[in-house]
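Reading through the structure tokens given below for one structure.
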Amino acid sequence: MEKHVLGLQLPTDPRWVHIAEKNIEDILVDHAYCEQKAASSCISMIVSYPEKERVVEMLTPIVAEEWSHFERVLEELKKRGYKLGFPRKDEYVDQLQKVVKKGGDREQQLVEKLLFNALVEARSCERFRLLSKEIADVELSKFYYELMVSEAGHYKKFLSLAKEFMPPELVEKRWREILVQEADIVKNLEVRGDRMH
């Protein structure tokens, strides 16, 4: 799952995975909350756009899958004698939310939300790939490989769904703009190994 396949313009700093490996408890706690937020984000879109049958149809299985990932991360925490703990501030997501365009009609707002979700999934997928390849814990390496494959599927679904509510060429143009802005965010964030993003 190379970065260009996901469209990401800037790969994760290679130092991140080595710091993360030394902070596995923090990474797992943060990861659990990322899965919970991903499920909540899809629920929010379903609740906001109940009249869009495709939104309900496409996002409902993602909610179930993200929640099952949340449960699986909880299992990994428990196995290692760790507790969930409290959520931490997600600087990456906070910055990315500022990139989302406000205003426009309901379809434009929906497309912005879908692209935002696609981008978070793409970056998560890239980080899962690094963890699956680089960490010494064989069990966690396998776990992150499985999640990487799943998240890649979600990212594609968000993008294809966005193209059902706006001409595909406009979605692609907007997606490229957001990718450039996301690279800038990642470049300027401190490299921290206690966060998934």
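Among the residues of region 126-153, the ones that are within 18 Å of Trp16 (Cα to Cα), out of contact with any Phe, Trp or Tyr (no Cβ under 6 Å at 6 or more places or on another chain) and among the hydrophobic types (A, V, I, L, M, F, W, C) come to 4 in all.
Residues of region 1-22 that are at pLDDT 75 or above and assigned to a helix (DSSP H, G or I): Arg15, Trp16, Val17, His18, Ile19, Ala20, Glu21, Lys22.
Yes or no, residue by residue, for (1) over 22 Å from Leu119 (Cβ atoms); (2) under 15 Å from the mean Cα position of the chain (by Cα); (3) surrounded by 15 or more Cβ atoms within 10 Å (Cβ to Cβ):
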site: Pro14; (1), (2), (3): no, no, no
site: His18; (1), (2), (3): yes, no, no
site: Ile24; (1), (2), (3): yes, no, yes
site: Tyr33; (1), (2), (3): no, yes, yes
site: Val47; (1), (2), (3): no, no, no
site: Arg54; (1), (2), (3): no, no, no
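Against the list (1) over 17 Å from Leu140 (Cβ atoms); (2) at pLDDT 95 or above, the condition Phe70 fails is (1). In the list Lys133, Lys101, which residue meets the criterion of being over 20 Å from Gln36 (Cβ atoms) and in contact with a Ser or Thr (Cβ under 8 Å, 6 or more places away or on another chain)? None of the others qualify; the one that does is Lys133.
If you check Leu170, Leu161 for being of a type outside the set (Asp, Glu) and surrounded by 14 or more Cβ atoms within 10 Å (Cβ to Cβ), only one passes: Leu161.
Looking at the structure I just gave you, is Asp94 within 23 Å of Asp194 (Cα to Cα), without any contact (Cβ under 8 Å) to a residue 24 or more places away in the chain and under 17 Å from the mean Cα position of the chain (by Cα)? The answer is yes for Asp94. Can you say whether Met196 is surrounded by 14 or more Cβ atoms within 10 Å (Cβ to Cβ) and either modelled with pLDDT under 95 or polar (S, T, N, Q) (or both), as far as the supplied structure shows? It is true that Met196 is surrounded by 14 or more Cβ atoms within 10 Å (Cβ to Cβ) and either modelled with pLDDT under 95 or polar (S, T, N, Q) (or both). For Lys102, the criteria (1) of a type outside the set (Asp, Glu); (2) surrounded by fewer than 17 Cβ atoms within 10 Å (Cβ to Cβ); (3) touching a Gly at 6+ places or on another chain (Cβ under 6 Å) hold in every case but one, which is (3). Look at (1) touching a Leu at 6+ places or on another chain (Cβ under 7 Å); (2) modelled with pLDDT of 95 or more; (3) buried (at least 20 other Cβ atoms within 10 Å of the Cβ) and you find that Ala122 fails only one, number (2).
The values are calculated or read from the model by the stated rules, or taken from the named source; none is laboratory data. Please read all numbers here as calculations on a predicted model, not as lab measurements. Glycine also receives a Cβ, built like all others from the backbone with ideal geometry; neighbour counts cover every protein chain displayed.
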